[in-house]
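Accompanying notes for the structure given below.
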Amino acid sequence: MPEVFLNPNFSPRPWGAPALARRGLLLAGSGLVLAGGRRAQAQDQRLPEAMRAMTGLGEVARARGISFGAAMLTQLLQRDPAYEAAFATEAAVIVPEWEGKFAALQPEEGRFDTAPLDAQLHWAQQRGRTLRGHALIWHESLPGWAERALAEGRDRALGVMAAHFDRVLNHARGQIRDWDVVNEPIATAGDRLRDTPWLRALGPDYIDIALRMARERDPTLRLVLNEYGFEEEVPEALLKRQQLLALLRGLLERKVPLDALGIQGHLHLSRPFNAASFAGFLAEVRALGLQVLVTELDIRETWDAPQEIAARDALVAERTYAFVSTALEGGARTVLSWGLSDRNSWLASTPAVAMGQGRVHRGLPLDDHGQRKPMWQALARAFRGGS
Ligand code: G3I
């Protein structure tokens, strides 16, 4: 499914309201892609004022037919004007960092809470942006009731998955056109699928089932399988690439509907990155007929990173440019970072990955004060094709 043109007059319907007739072009996928040149110029004039306020990375990327965006938290959107302003400036696409997950949407069986997701959809509508969905089936952020239900057996598990998909995909129909349907299905080590409540309840074909269920409920969706840990040149990542390719080939051989591989892009400066090797992997994925997109880019520094901020930022920018330019050359046309500012990154708030010693990973385009960093410039240069 090609990247799509966002109808500047697109008005995602409010949650729960009847589908409104949409004027003009249909939105048929995620992201905002306007060809360069006069057509873009013409389209620009048609963009709503709020869209024209996007003067940062989203605009730089858009000029080259690329969609840039970032993960958003509703609680920050609603309480931090600077946070909202950064997204208005930088992001053509948003992805809910929490609000689209199972535990957020259905905290108790049958009780759906779409308000936090609705808030992001409303923001995207007001600003003429798009929102991509994350994540329907995952082993994390699965509420206790669902874990217990999945342990009751196959039929119960199928019912839980179907009920969730029925409500969420119907609710978001026409508003979210791109979902991470299955997130992180491969084990971090060893040649197997990750041992999750879904695998235990339904067996390895839980992935097939989820993708088929999503396609049945909304044939216009771009269905994405989202994964991490295969981006860099270390043995476990190279093994994961082979596991991933085997999984993707199997799905496609079984005619399971799948449109794209989501490359999370949680990168580690402690690991080498080999552009040619990663490009070869991307070419193998594309040869399967799948799109690729970068879904959760951020950069983790080493614990012995330099003291000087400039030196740290240079290392982060260098890795950012190498990875993103390789992904773009490999066919990616959507790139999202996992947040915009270091201050709000999970890398700062999650003890297991935090930098420690009173320092915070400088792994996102904006610093603690929302100022653009060399990583921002590196992204812009990659979007501009290296210039
Ligand atoms: O639990 C509260 C919930 O009750 C409340 O309604 C909500 C309001 O926003 O906040 C919830 O707090 C935390 C939530 O983040 C929002 O900040 C959750 O406890 C916490 O578990 C959750 O962590 C997120 C984590 O995924 C698990 O969902 C992180 O922010 C998020 O950065 C992280 O992102 C994952 C991707 O989804 C998949 N790839 C890896 C990536 C990093 O782990």
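The values are calculated or read from the model by the stated rules, or taken from the named source; none is laboratory data. Nothing here was measured: the structure is a model prediction, and the numbers come from that model. Here Cβ is always computed from backbone atoms with ideal geometry, including for glycine, and neighbour counts include all displayed protein chains. Accessible surface is based on the protein model in full, side chains and every heavy atom, while ligands, DNA and RNA are left aside. Shrake-Rupley method; radii C 1.70, N 1.55, O 1.52, S 1.80 Å.
At a glance:
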read-out: Any hit, segment 298-314, residues being in contact (Cβ under 8 Å) with a residue 40 or more places away in the chain, under 23 Å from residue 179 (Cβ atoms) and within 16 Å of the ligand (Cβ to nearest atom); value: yes
read-out: Of all residues in segment 136-149 being assigned to a helix (DSSP H, G or I) and under 26 Å from the mean Cα position of the chain (by Cα), the one that is nearest to residue 178 (Cα to Cα); value: 146
read-out: Options 201, 246: the member that is closer than 22 Å to residue 158 by Cα and in a helix (DSSP H, G or I); value: 201
read-out: Options 181, 168, 160; residue that is crowded, with 16+ Cβ neighbours inside 10 Å and within 30 Å of residue 239 (Cα to Cα); value: 181
read-out: Residue tally, condition in contact with a helix residue (DSSP H, G or I) (Cβ under 7 Å, 6 or more places away or on another chain) and closer than 14 Å to residue 171 by Cα, over segment 103-116; value: 6
read-out: Test: residue in segment 142-152 that is touching a Gly at 6+ places or on another chain (Cβ under 7 Å), of a type outside the set (S, T, N, Q), within 24 Å of residue 208 (Cβ to Cβ) and touching a residue at least 40 places away in the same chain (Cβ under 8 Å); value: no
read-out: Every residue from segment 305-359 that is part of a helix (DSSP H, G or I), among the charged types (D, E, K, R) and under 25 Å from residue 278 (Cα atoms); value: 312, 313, 318, 319, 329
read-out: Residue identified as touching a residue at least 40 places away in the same chain (Cβ under 8 Å), surrounded by 19 or more Cβ atoms within 10 Å (Cβ to Cβ) and in a helix (DSSP H, G or I) among 251, 293; value: 251
read-out: Failed condition for residue 171, given (1) at pLDDT 95 or above; (2) out of contact with any helix residue (DSSP H, G or I) (no Cβ under 7 Å at 6 or more places or on another chain); (3) more than 16 Å from the ligand (Cβ to nearest atom); value: (1)
read-out: Filter pass, residue 88 being free of Cβ contacts under 8 Å to residues at least 60 places away in the same chain, open to solvent by less than 20 Å² (accessible area, probe 1.4 Å) and within 10 Å of the ligand (Cβ to nearest atom); value: no
read-out: Residue in segment 269-286 that is within 16 Å of the ligand (Cβ to nearest atom), out of contact with any Ser or Thr (no Cβ under 6 Å at 6 or more places or on another chain) and outside any helix (DSSP H, G or I) present; value: no
read-out: One residue from 270, 277 being of a type in the set (Ser, Thr, Tyr), more than 18 Å from residue 377 (Cα to Cα) and loosely packed, with under 15 Cβ neighbours inside 10 Å; value: 270
read-out: Subset tally (residues that are touching a Ser or Thr at 6+ places or on another chain (Cβ under 6 Å), open to solvent by less than 10 Å² (accessible area, probe 1.4 Å) and within 14 Å of the ligand (Cβ to nearest atom)) for segment 121-147; value: 1
read-out: Pairs where the first residue, in segment 206-224, is within 18 Å of residue 185 (Cβ to Cβ) and the second is of a type in the set (Lys, Arg) and open to solvent by 10 Å² or more (accessible area, probe 1.4 Å), C-beta under 6 Å, 6+ apart; value: none
read-out: Some residue of segment 107-120 being surrounded by 21 or more Cβ atoms within 10 Å (Cβ to Cβ) and away from the ligand (no atom under 12 Å from the Cβ); value: no
